[in-house]
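Asker: Dumping the structure here so I can ask a few things about it.
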Amino acid sequence: MGPSEPPPSRYAFDVAAAAPGEDFLGTGADLEPGTVLAAYRAGAFPMPVSRRGRLGWWSPDPRGVIPLDGLRVSRSLRAACRRFEVRVDTAYDEVVRGCADPRRPGGWITRDVSAAYRRLRELGWVHSVEAWSVGQDGRERLSGGLYGVAIGGLFAGESMFHGPQPRDRDASKVALVGLVEMLRAAGGEGRLLDVQWATEHLESLGAREVDRPTYLGLLAAALDLPAVRWPTLAPAG
C-alpha cells in the first residue's frame, strides 16, 4: 500500500517565478501535510528562518543533487560499510532526535518541524535510513542515519547525523550509501536524490549543483515515476 494523500493545501508555491540565484522564497503558510507535500512537488521545502524565528520556505539555486550513478565511495568508506548494518524505517524517531540535537552546529529542526514530518511519516511519505552497529557490550546501537521525503521518484534528504563515538564517524555516510544502493535496486533511472545544498561534505560524496530550471525538469520527471515500496526495501548485497 502506498502513502495516503492528505487534504490539499490552500497555499501554492511558484518556484519557477523566483529570482535566479535566490534561495529564500518567503515566510508564512503552515506545516500541514498537504502544504509540505505541495512545496516539495513544486521544488521548495520548509526551514525556519532562525532557531526561534518564523517558518521560511526555500528553493536553493543552484540546487544540490547526488546522481545515483555518481556517488563517490572511497576505500575507507567501503570498509566502513562492512562495520554497519543498514536498515529502513526501524528507528525513525531516534534518527530525527539525532539530527535535531541542539548541540550540533547549525541545528534547525524545531519541535514544529519535527512534528510536521512525523505527521507525514504516519501518512507514508517520510522515511529513515539507519546505520546500526554492535557496541563493545554486545548490544546493537543506532550509530547514525538520515531521513527524508519520498514522493514518486524523488527522495529529498532532510538531515543526517552520526553518533558521538569515534567508531560512529562514518555512520551517516554509510546510511547514504545504503540509500543510493536501494534507490538503484528499485530502478534508479530518472530518480532524483535531492540534498538541498551541495556542501563541501556532500560534494566529497558526489553531490553536484544544478540550476533551478534544470532541477525543476529533473523533479518533474522524477515525480512521474512510481513510488518505491519502502517497507520492503533492503540494502543491496
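Asker: What residue, among those in segment 66-93 that are among the charged types (D, E, K, R) and more than 27 Å from G153 (Cβ to Cβ), is surrounded by the most Cβ atoms within 10 Å (Cβ to Cβ)?
Answerer: Residue satisfying both the conditions and the ranking: R83.
Asker: Next question, about the same structure. Go through segment 161-188 and give me each residue that's within 19 Å of A220 (Cβ to Cβ) and modelled with pLDDT of 90 or more. First the steps, then the outcome.
Answerer: Narrowing segment 161-188 to residues within 19 Å of A220 (Cβ to Cβ): 183, 187-188.
Across segment 161-188, the qualifying residue is only L183.
Asker: Among residues belonging to segment 178-231 that are among the small types (G, A, S) and without any contact (Cβ under 8 Å) to a residue 60 or more places away in the chain, point out the one that is nearest to V126 (Cα to Cα).
Answerer: It comes out as A186.
Asker: Okay, moving on. So in segment 55-65, with the set limited to residues that are among the hydrophobic types (A, V, I, L, M, F, W, C) and at pLDDT 95 or above, which one is surrounded by the most Cβ atoms within 10 Å (Cβ to Cβ)?
Answerer: V65
Asker: Can you pull out every residue in segment 4-54 that is in contact (Cβ under 8 Å) with a residue 60 or more places away in the chain, at negative phi, crowded, with 19+ Cβ neighbours inside 10 Å and not hydrophobic (A, V, I, L, M, F, W, C)?
Answerer: Result: P33, Y40, P46.
Asker: Could you please find all residues in segment 201-224 being more than 16 Å from A16 (Cα to Cα) and modelled with pLDDT of 95 or more?
Answerer: Answer for segment 201-224, where residues must be more than 16 Å from A16 (Cα to Cα) and modelled with pLDDT of 95 or more: L202, E203, S204, L205, G206, A207, R208, E209, A222, L223, D224.
Asker: Answer yes if at least one residue in segment 144-157 is closer than 17 Å to R83 by Cα and assigned by TED's automatic domain parsing to the domain that holds Y92, and no otherwise.
Answerer: yes
Asker: Quick one: V126 ticks every box in (1) surrounded by 14 or more Cβ atoms within 10 Å (Cβ to Cβ); (2) over 22 Å from L183 (Cα atoms); (3) free of Cβ contacts under 8 Å to residues at least 40 places away in the same chain bar one, so which box is it?
Answerer: The failed condition is (2).
The values are calculated or read from the model by the stated rules, or taken from the named source; none is laboratory data. Predicted model only: the values in this text are computed from it and were never measured. Cβ atoms come from the backbone with ideal geometry, glycine included; neighbour counts cover every protein chain shown.
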